[in-house]
1. Which residue, of Tyr170, Tyr227, is at pLDDT 95 or above, aromatic (Phe, Trp, Tyr) and within 18 Å of Gly32 (Cβ to Cβ)?
2. Take the residues in the range 32-60 that are touching a residue at least 60 places away in the same chain (Cβ under 8 Å) and closer than 18 Å to Met107 by Cα; name whichever of them is surrounded by the fewest Cβ atoms within 10 Å (Cβ to Cβ).
3. Looking at the range 139-172 only, could you name the residues that are within 22 Å of Leu198 (Cβ to Cβ) and assigned to a loop (DSSP other than H, G, I, E, B)?
4. Filter the range 196-221 down to the residues that are touching a Pro at 6+ places or on another chain (Cβ under 6 Å) and not in a loop (DSSP other than H, G, I, E, B), then identify the one that is surrounded by the most Cβ atoms within 10 Å (Cβ to Cβ).
5. May I ask you to list the residues in the range 22-63 that are aliphatic (A, V, I, L, M) and in contact with a Gly (Cβ under 8 Å, 6 or more places away or on another chain)?
6. Does Arg175 meet the test of being free of Cβ contacts under 8 Å to residues at least 60 places away in the same chain and not in a helix (DSSP H, G or I)?
7. Which residue, of Gly224, Gly193, is in contact with a Cys (Cβ under 9 Å, 6 or more places away or on another chain), surrounded by fewer than 13 Cβ atoms within 10 Å (Cβ to Cβ) and part of a loop (DSSP other than H, G, I, E, B)?
8. Output the number of residues of the range 9-31 satisfying the condition of being in contact with a Phe, Trp or Tyr (Cβ under 8 Å, 6 or more places away or on another chain) and either surrounded by fewer than 19 Cβ atoms within 10 Å (Cβ to Cβ) or without any contact (Cβ under 8 Å) to a residue 40 or more places away in the chain (or both).
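The values are calculated or read from the model by the stated rules, or taken from the named source; none is laboratory data. Note that the structure is a prediction, hence the values are computed from the model and not measured. Here the Cβ is made from the backbone with ideal geometry for all residues, glycine too, and neighbour counts use every protein chain on show.
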Amino acid sequence: MDYDYLKYKKILIVDDEADLLEMVISILKQDGFNAMKTAGTVSEALQICKEWKPDIAILDVMLPDGDGFSLFERMRTFTEVPVLFLTARGENEDRLTGLGLGADDYMVKPFLPKELSLRIGIILRRYYKGESPIVQLAGSQIDFDRAEVIKGEEHFPLTAKEHDILSALYRNAGRIVTIDQLCEAAWGDNPYGYENSLMAHIRRIREKIETNPSKPVSLITVKGLGYKLVLAGK
């Protein structure tokens, strides 16, 4: 099953250290996560939780107006969002407190950047495993799980290469993906010489996803740079 759609889950990061927030955001962006908000206090975090409704929360234990444990308990009165505690305090008592409250995981600063992304990915896959990764475009839907495009009452199957190209575009939706990056996604580590093949695949993808393939609104060419996938409502 393709888990790229999980990269669009909304992540709330709660910590009062600006440098750490900046680092965590940088780490997650590098790994393909796009939707993130930060909070530096319990009250700010609660407001964001209620209004923005994140899909996962990363909570520090020590906060200026309280602690992560009490924040977690207050969150549980209105949401079941999965939680990972991220703190400099590594005492076993704190770890047991967080896990005993029902948190999904616990990490101690400093941590390896890749480990944070891996743990978030594990939690998201476990928590949202029943979802179908269906992507909404202006005139169609992409079902990555079934490898098909749904346009009205019609279903168009995706080839393996089309699936690879669309997956790479979806991981970076709203941003330019270069021709070399798309060729590498579809043809591996030696992507050179596939530019014409890529253009042919892009043309066939547009025939499946666009209402008017000659005037694309979902799969846009950025002249001289590459392509960009535009999601519905973005």
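1. Unique residue meeting the criteria: Tyr227.
2. It comes out as Ile56.
3. Hits for the range 139-172 are Ser140, Phe144, Ala147, Leu158, Thr159, Asn172.
4. Kept after step one, since they are touching a Pro at 6+ places or on another chain (Cβ under 6 Å), are these residues of the range 196-221: 206-207, 210.
Those left that are additionally not in a loop (DSSP other than H, G, I, E, B): 206-207.
On the way: Arg206: 17, Glu207: 12.
Among those that are touching a Pro at 6+ places or on another chain (Cβ under 6 Å) and not in a loop (DSSP other than H, G, I, E, B), it is Arg206.
5. Val42, Leu59, Val61, Met62, Leu63
6. On the way: free of Cβ contacts under 8 Å to residues at least 60 places away in the same chain: yes; not in a helix (DSSP H, G or I): yes.
Yes: the conditions hold for Arg175.
7. Result of the check over Gly224, Gly193: Gly193.
8. Taking the range 9-31 and keeping what is in contact with a Phe, Trp or Tyr (Cβ under 8 Å, 6 or more places away or on another chain), we get 9-12.
Next, only the ones that are either surrounded by fewer than 19 Cβ atoms within 10 Å (Cβ to Cβ) or without any contact (Cβ under 8 Å) to a residue 40 or more places away in the chain (or both) stay: 10.
Residues that pass the stated criteria total 1.
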